[in-house]
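The values are calculated or read from the model by the stated rules, or taken from the named source; none is laboratory data. Since we're looking at a predicted model, the values are computed, not measured. A quick note on method: Cβ atoms are made from the backbone with ideal geometry, for glycine too, and the neighbour counts reach across all protein chains shown. The area values use the complete protein model at the heavy-atom level, side chains included, leaving out ligands, DNA and RNA. Shrake-Rupley method; radii C 1.70, N 1.55, O 1.52, S 1.80 Å.
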Amino acid sequence: MSAVYKKIEVVGTSKDSFAYATRVAIEEAAKTVKNTSWFEVAEMRGAIKNGKVAEFQVTVRIGFKVEH
């Protein structure tokens, strides 16, 4: 059986880690997007404040099946 998928891109942030920023992005997107099924990390970056890491930022692409 054929299927069609769509991809969205979201950015998650965390003061703790890239992993937690990824988890936040996926979990928040899943609250409003049905049928989420996979993700890929597209970009990782962060913010620096006073010479220290202040925030981790992750751009995540999330795939979901389009309903017929």
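Tabulated results
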quantity: Those residues of region 21-37 which are in contact (Cβ under 8 Å) with a residue 12 or more places away in the chain and open to solvent by 80 Å² or more (accessible area, probe 1.4 Å), in sequence order; calculated: E28, K34
quantity: Every residue from region 38-60 that is over 9 Å from the mean Cα position of the chain (by Cα) and surrounded by 14 or more Cβ atoms within 10 Å (Cβ to Cβ); calculated: G46, E55, F56, Q57
quantity: Residue count, region 1-17 (criterion: open to solvent by 70 Å² or more (accessible area, probe 1.4 Å) and at pLDDT 95 or above); calculated: 6
quantity: Residues within region 24-37 that are over 12 Å from the mean Cα position of the chain (by Cα) and either outside any strand (DSSP E or B) or under 16 Å from G12 (Cβ atoms) (or both), tallied; calculated: 5
quantity: Pair list, Cβ under 7 Å, 6 or more apart: region 44-65 residue hydroxyl-bearing (S, T, Y), other residue surrounded by 14 or more Cβ atoms within 10 Å (Cβ to Cβ); calculated: T59/V11
